[in-house]
1. Give me a count of the residues in segment 94-107 that are surrounded by 23 or more Cβ atoms within 10 Å (Cβ to Cβ) and in a strand (DSSP E or B).
2. I'm told residue 64 meets every condition in (1) acidic (Asp, Glu); (2) over 20 Å from residue 42 (Cα atoms); (3) in contact (Cβ under 8 Å) with a residue 24 or more places away in the chain except one. Can you identify the failing condition by its number?
3. Determine, yes or no, whether residue 90 is of a type outside the set (Ser, Thr, Tyr), out of contact with any Cys (no Cβ under 7 Å at 6 or more places or on another chain) and under 20 Å from residue 152 (Cα atoms).
Amino acid sequence: MPPQHDPSGPDAAGTAAPAPGPAASRPAAGRRAPASAGARLSDEPGAAADPAAARHRSLATVDDRLYVGDQAVTLATPGGFATVRYAEAAEVLAHPDGGRVLTGPDGVRVAVEPTLYAMLTPERIAALDAVLAAVAPRAAVRTAPRAPEAVPRPPAGEDPRTSALSSRTRAPAPPRTRSRGRTVGLYLACLAVAGAALAAVRTTFDQLGAAHPHYTVAAMFWVLTAGLVVVARDLRNPPKDRTHVPRWWEMGDHFRR
């Protein structure tokens, strides 16, 4: 059975890294290796090519994704892929807090840390343990509980329960709140839009049948209708929620780009 490892070592950062070599090559105590330091990455997508694999977004690195499939686990980074197949796993560190570190026969190490990946729930960790117990029972190594400061965490301000979620499982967006005054104004604006539009249509048809048509009043009602529509839109969706919608006075900048 492989020896136990220090859970506070460099592989606690939740990224792919090679198996530890000589002591001289390890980082000093209290320091963690960079996100991709020494990672043995390849062009083989591994579990990332499996449509059934669950994809989890990293809460520590924006571009990293963790794919947990039925036969392998893969860490996908901009520089390549790190894959460990369950049947070929040389070692599986099982931390009591739910973290799992899989090491392949080629020394590639992929950490499956619930604190670093979105929607990596205890149920998914239990399903991973069941697969590993079936195909690689001798590779499992139970570790001692890690100190709270040794458990890898996302950067300050990120919470794995509320931060960016997996593309396969997204929490519903919180309902938009609108003040009572804005709600009343929205209803009044809608009534005004309906009235102005009705007046615009009526005056337009009245002028169509006249011997000497004058469309000035009809045009004024149409302009009023358009203005009220803009007001109703702003009351329904505050401008801060529509930052991607260009204003008419900003169209010149868009055409010059």
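1. Result for segment 94-107: 3.
2. (2)
3. On the way: of a type outside the set (Ser, Thr, Tyr): yes; out of contact with any Cys (no Cβ under 7 Å at 6 or more places or on another chain): yes; under 20 Å from residue 152 (Cα atoms): no.
Considered against the rule, which asks whether it is of a type outside the set (Ser, Thr, Tyr), out of contact with any Cys (no Cβ under 7 Å at 6 or more places or on another chain) and under 20 Å from residue 152 (Cα atoms), residue 90 comes out as no.
Read the figures in this text as sums done on the coordinates, not as results from a lab. Since this is a predicted model, take the numbers as computed values, not measurements. No Cβ is skipped: glycine too gets one built from the backbone with ideal geometry, and neighbour counts run over all protein chains shown.
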